[in-house]
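What follows is one structure encoded as structure tokens, with my remarks underneath.
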Amino acid sequence: MWEKYKYSALPHTLEGQTPATKPDASHSWLTWCCHVWITCLSAIILLLTLPISIWCFLKIVPDYERVVVFRLGRIRPPKGPGLILLLPLIDQLQRVDMRIRAFRIQPCKVKSRDDVLVSVEAGVQFRVCDPVLSVLSVQDLNFVIQNTAENLLVQNFGRKYLREIYGDKMRLGEHFKEDINEQVKPLGVCVEHVDLLVEAVMQPHEEHVPLTSQAVNPNGGLEQLIMQFVSIATQVSAQDTKPSTDLSLEEMLSRLERILSESLVSEIRSSYQFFVIQKDGKRSACFLDLTSGSGLCGMGILTFSPDVTLEITEADLLSVVRGDLNPMIAYTTGRLHVTGNLQTALLLQKVLPKILHS
């Protein structure tokens, strides 16, 4: 391992240097001779002051530490564990702890790819695997690693959908660990373990997402949040006297057409393409255009690119219309697939429940 550190004791020749700027051979030999002479002088002083010098310059290094020695300012191979002998006046040592260290990234709000704020935290365990690099690379190793991990956490979760964050935290933790290792490897550090914790789903724009404020609990887990959604949906379903008659997709579109208005268009101003999977497995396409006029809905595919594309079964769509199934719960459990902005999709909560009253 020492071979890769030998360069620090040798004269360098940089690319692009002209012969006039290259180190002179005689100067290099002079530096080398001075280095040898001072080292020999230090060893003589050590011998002349025996046995007192032994007590001052003989060091004990425990198993969990390594010692990085600088001799006349130049790095030496790491020493330890056991007894090591330093030369007086010219050797300086720095101890490096090789044991596993840990830190916790405090809960931070990260906007996912589908525009939902997720509060996440992480616990990271790491250790020094190359003591020389850890000393030469940075001054405050703990601060640099923690800052790097926090930045990578925000970047990684910002590229994921909410369903991916909630559904596969183990795989996300492994990828996060690999990304950190790639960044901190030049610092002589290895990350041993990463523990991710998704704390809550936050609302970036409360005026656009009509969810009860009690559903957001920064001190609870995502599972607790889902249970709160289920509880709220159950209470609403029990208190509301909505008809329980099944409606077909055509009947829902017919009723939806009656409630379309210019005021609804001015409030939503978005277009939606639905792909509804019926009981017989048939996949039907319908649309809701609330971008102009009084709005438009019907069977088929929009002639332009919609703001949001949704895929859901006919039974789950009817449950959403009745209020038995919360759209956020349907999304996080994989029963509702959304392509586009999730916040725009959740605006349908202002439209779909009105179908039963039309």
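Only residues in region 81-95 that are within 10 Å of Leu46 (Cβ to Cβ) and in contact (Cβ under 8 Å) with a residue 24 or more places away in the chain count as the first member; pair them with residues that are polar (S, T, N, Q) and outside any strand (DSSP E or B), Cβ under 7 angstrom, at least 6 apart or cross-chain, and list the lot.
Final answer for the pair search is Leu87/Thr39; Leu87/Ser42; Pro88/Ser42; Pro88/Ser53; Leu89/Ser42.
What residue, among those in region 134-143 that are open to solvent by less than 50 Å² (accessible area, probe 1.4 Å) and of a type in the set (A, V, I, L, M, F, W, C), is nearest to the chain's Cα centre (by Cα)?
Among those that are open to solvent by less than 50 Å² (accessible area, probe 1.4 Å) and of a type in the set (A, V, I, L, M, F, W, C), it is Leu141.
Which ones in region 50-76 are assigned to a loop (DSSP other than H, G, I, E, B), farther than 23 Å from Asn142 by Cα and either open to solvent by less than 60 Å² (accessible area, probe 1.4 Å) or basic (Lys, Arg) (or both)?
Step one: list which residues in region 50-76 are assigned to a loop (DSSP other than H, G, I, E, B), which gives 50-51, 62-64, 72-73, 76.
Going one step further and asking which of them are farther than 23 Å from Asn142 by Cα, we end up with 50-51, 72-73, 76.
Across region 50-76, the qualifying residue is only Arg76.
Determine the pairs where a residue that is closer than 20 Å to Asp307 by Cβ, located within region 250-265, has a partner that is open to solvent by 20 Å² or more (accessible area, probe 1.4 Å) and in a helix (DSSP H, G or I) with Cβ atoms under 6 Å apart, the partner being 6 or more residues away or on another chain.
Correct list of pairs: Ile259/Lys354.
Can you name the number of the only condition in (1) part of a helix (DSSP H, G or I); (2) under 30 Å from Leu50 (Cα atoms) that Leu89 fails?
Result: Leu89 fails condition (1) only.
Determine whether region 144-152 contains at least one residue that is open to solvent by 50 Å² or more (accessible area, probe 1.4 Å), of a type in the set (A, V, I, L, M) and over 27 Å from Arg95 (Cβ atoms). Break it down into steps so the answer makes sense when it comes.
Initial filter on region 144-152 (open to solvent by 50 Å² or more (accessible area, probe 1.4 Å)): 146-147, 150-151.
Narrowing further to those that are of a type in the set (A, V, I, L, M): none.
No.
Name every residue in region 338-358 that is part of a loop (DSSP other than H, G, I, E, B) and open to solvent by 30 Å² or more (accessible area, probe 1.4 Å), in order of residue number.
Taking region 338-358 and keeping what is part of a loop (DSSP other than H, G, I, E, B), we get 341, 351, 358.
Result: Asn341, Ser358.
Output the residues belonging to region 317-337 that are buried (at least 18 other Cβ atoms within 10 Å of the Cβ) and either part of a helix (DSSP H, G or I) or within 22 Å of the chain's Cα centre (by Cα) (or both).
Those that are buried (at least 18 other Cβ atoms within 10 Å of the Cβ) and either part of a helix (DSSP H, G or I) or within 22 Å of the chain's Cα centre (by Cα) (or both): Leu317, Leu318, Ser319, Val320, Val321, Arg322, Pro327, Met328, Ile329, Ala330, Tyr331, Thr332.
Restricting to region 91-125, and then to whatever is of a type in the set (A, V, I, L, M) and within 22 Å of Leu141 (Cα to Cα), can you tell me which residue is most open to solvent (accessible area, probe 1.4 Å)? Spell out how you get there, then give the answer.
First, the residues of region 91-125 that are of a type in the set (A, V, I, L, M): 93, 96, 98, 100, 102, 105, 110, 116-118, 120, 122, 124.
When the remaining residues are screened for being within 22 Å of Leu141 (Cα to Cα), the result is 93, 96, 98, 100, 102, 105, 122, 124.
Values: Leu93: 64, Val96: 10, Met98: 44, Ile100: 100, Ala102: 78, Ile105: 3, Ala122: 0, Val124: 2 Å².
For region 91-125, the residue satisfying everything is Ile100.
What are the residues in region 77-90 that are surrounded by 14 or more Cβ atoms within 10 Å (Cβ to Cβ) and hydrophobic (A, V, I, L, M, F, W, C), if any?
Ile84, Leu86, Leu87, Ile90
Run down Ser271, Ser292, Ser266 and say which single residue is among the polar types (S, T, N, Q), open to solvent by 20 Å² or more (accessible area, probe 1.4 Å) and closer than 25 Å to Val116 by Cα. Don't jump to the end; show me each part of the working.
Details: Ser271 fails: open to solvent by 20 Å² or more (accessible area, probe 1.4 Å); Ser292 fails: closer than 25 Å to Val116 by Cα.
Answer to the check: Ser266.
If you check Gln155 against the conditions, is it closer than 30 Å to Val338 by Cα, of a type outside the set (Asp, Glu), in contact with a helix residue (DSSP H, G or I) (Cβ under 9 Å, 6 or more places away or on another chain) and open to solvent by 70 Å² or more (accessible area, probe 1.4 Å)? Write out each step before concluding.
Working: closer than 30 Å to Val338 by Cα: yes; of a type outside the set (Asp, Glu): yes; in contact with a helix residue (DSSP H, G or I) (Cβ under 9 Å, 6 or more places away or on another chain): yes; open to solvent by 70 Å² or more (accessible area, probe 1.4 Å): yes.
Yes: the conditions hold for Gln155.
Check Gly300 against each of (1) open to solvent by 30 Å² or more (accessible area, probe 1.4 Å); (2) under 23 Å from Ser261 (Cα atoms) and name the one condition it does not meet.
It is condition (1) that Gly300 fails.
Which of (1) modelled with pLDDT of 90 or more; (2) of a type outside the set (Ser, Thr, Tyr); (3) under 15 Å from Val194 (Cβ atoms); (4) not in a helix (DSSP H, G or I) is the odd one out, the single condition Glu121 does not satisfy?
(1)
Name the pairs whose Cβ atoms lie under 7 Å apart, with the first residue in region 312-327 and over 18 Å from Cys286 (Cα atoms), the second open to solvent by 20 Å² or more (accessible area, probe 1.4 Å) and of a type in the set (Gly, Ala, Ser), and 6 or more positions between them or separate chains?
That search, which allows pairs on different chains as well, returns Gly323/Ser237; Asp324/Ser237; Leu325/Ser319.
May I ask you to say which residue of Gln278, Gln273 is farther than 16 Å from Leu162 by Cα, modelled with pLDDT of 85 or more and under 35 Å from the mean Cα position of the chain (by Cα)?
On the way: Gln278 fails: under 35 Å from the mean Cα position of the chain (by Cα).
Answer to the selection: Gln273.
The values are calculated or read from the model by the stated rules, or taken from the named source; none is laboratory data. Keep in mind the model is a prediction, meaning the values are calculated, not measured. Neighbour counts are summed over all protein chains in view; Cβ atoms, including those assigned to glycine, are modelled from backbone coordinates with ideal geometry. SASA here: full protein model, heavy atoms, side chains in, ligands and nucleic acids out. Shrake-Rupley method; radii C 1.70, N 1.55, O 1.52, S 1.80 Å.
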